[in-house]
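Here is the structure we will look at, set down as C-alpha cells.
Please treat every number below as a calculation from the coordinates, not as lab data. Since the structure is predicted, the reported quantities are computational estimates derived from the model, not experimental observations. Note that we place each Cβ from the backbone using ideal geometry, even for glycine, and neighbour counts take in every protein chain shown.
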Amino acid sequence: MSHIVTCSAVELRDLEAIKRACQRLGWVFHFGQETFRWYGVFLGDTEPSKDLFTEEEWSAWQAMTAEQRRDWMTTHFGKCQHAISIPNCAYEVGLVYKQGRWLPLWDSWQSGGLDKVLTPESGLGGLAQAYAVEKIKLDAESRGWSWSEEVLDTGKVCVRVNTGGGGW
C-alpha cells in the first residue's frame, strides 16, 4: 500500500539546520540522494496533499482518471533532492524544494515504519523542535553570538543566545 504524506505546517527553509536536526535525532541525512524508499507503487487509496503539486499539476491531477493518477504518482513519487533515513524504518523521507522551503515527503503505510515515528503529536518525531533549536543556533553563530542549550525535564529545549550585550 502507499499512503503519501507531507507536512507543510513545519517551515523547513535552512538545509544546514535540517542536517543538524537529523544528526541531533540520530537520523541519517543523505545529501544529494535523488530517490527515497517507499512502497514503490501508488495504489490510489489516498489523495496526496495539494502541497506536492504546482497549481497546473493539481488541475491536471483533478482531471485524471484513477488509473492515470496511479500511473502518474508511481512515476513521480519517490523522487527528491535529499533523503533522510530513520533507524528501524524501512521507508525514508524525501526532501523536495518547493516554493522556497524544503517539503518532507514520505509513505506512511505501516510496513515502512514511519507511521509510528512521524506523527503530528510527536512534532514529526521531534523534527520540528530539533530544526527550531538548530536554526536558532545557526543564526546565532552566523552573527558571532554564543549560545547555550538546556534540555528541560519536560523534554523541551531552551536555547539562550548571548548577543554580547553584557551577559545572559
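Between the Cα long axis of helix 127-142 and the first principal axis of the chain there is an angle of about 50°, rounded to the nearest 10. Between GLN99 and LEU152, the simple label model (points 7 Å from Cα in the Cβ direction) yields a spacing of 3.2 nm. Placing unit charges on each Cβ (+1 for Lys and Arg, -1 for Asp and Glu) gives the chain a dipole about its Cα centre, and among GLY155, PRO87, THR74 the Cα reaching farthest toward its positive end belongs to GLY155. When each of the peptides 124-135, 31-42, 153-164 is scored by how many other beta carbons lie within 10 Å of its residues on average, the order from highest to lowest is 124-135, 31-42, 153-164. Packing order of peptides 68-77, 99-108, highest average first: 99-108, 68-77 (average count of other Cβ atoms within 10 Å over each peptide's residues). Does a label point 7 Å from the Cα of LYS116, set along Cα-to-beta-carbon, have any residues of segment 84-106 with amide nitrogen under 11 Å, and which are they? Taking a point 7 Å out along Cα→Cβ of LYS116, the residues of segment 84-106 whose backbone N falls under 11 Å are 88-90.
Using the Karplus relation 6.51 cos²θ - 1.76 cosθ + 1.60 with θ = phi - 60°, the per-residue 3J(HN,Hα) values for segment 56-62 come to 5, 5, 5, 4, 5, 4, 4 Hz, with x marking Gly and Pro. For the chain, the longest principal axis of the C-alpha atoms and the axis of helix 66-76 are separated by about 40°. Across the chain, Cα pairs under 8 Å and at least six residues apart give a relative contact order of 26 percent. With a Förster radius of 25 Å applied to the C-beta separation of VAL159 and LYS79, the computed FRET efficiency comes to 0.15.
The charge dipole of segment 3-158, taken about its Cα centre with unit charges on the Cβ atoms of Lys, Arg (+1), Asp and Glu (-1) only, comes to about 280 debye. Measuring max minus min along each principal axis, the C-alpha atoms of segment 4-119 give extents of 43, 32, 24 Å (largest first). Estimated at 0.36 nm per residue, the fully extended path between SER142 and ASP45 surpasses their Cα-Cα distance by 30.4 nm.
Relative to the longest principal axis of the chain, what angle (0 to 90°, nearest 10) does the C-alpha long axis of helix 15-25 take? Value to nearest ten degrees: 80. Listed by chain and number, the lysines placed with their C-alpha closer than 21 angstrom to that of LYS50 are LYS79, LYS98; residues fewer than eight positions away on the same chain are left out. Note on VAL10/ALA63: beta-carbon distance plugged into 1/(1 + (r/R0)^6) with R0 of 35 Å gives a FRET efficiency of 0.70. Taken as Cα centroids, segment 123-148 and segment 54-104 sit 27 Å apart, rounded to the nearest whole angstrom. The magnitude of the dipole of segment 73-168, with charges of +1 and -1 set on the Cβ of Lys/Arg and Asp/Glu and taken from the Cα centre, is near 320 debye.
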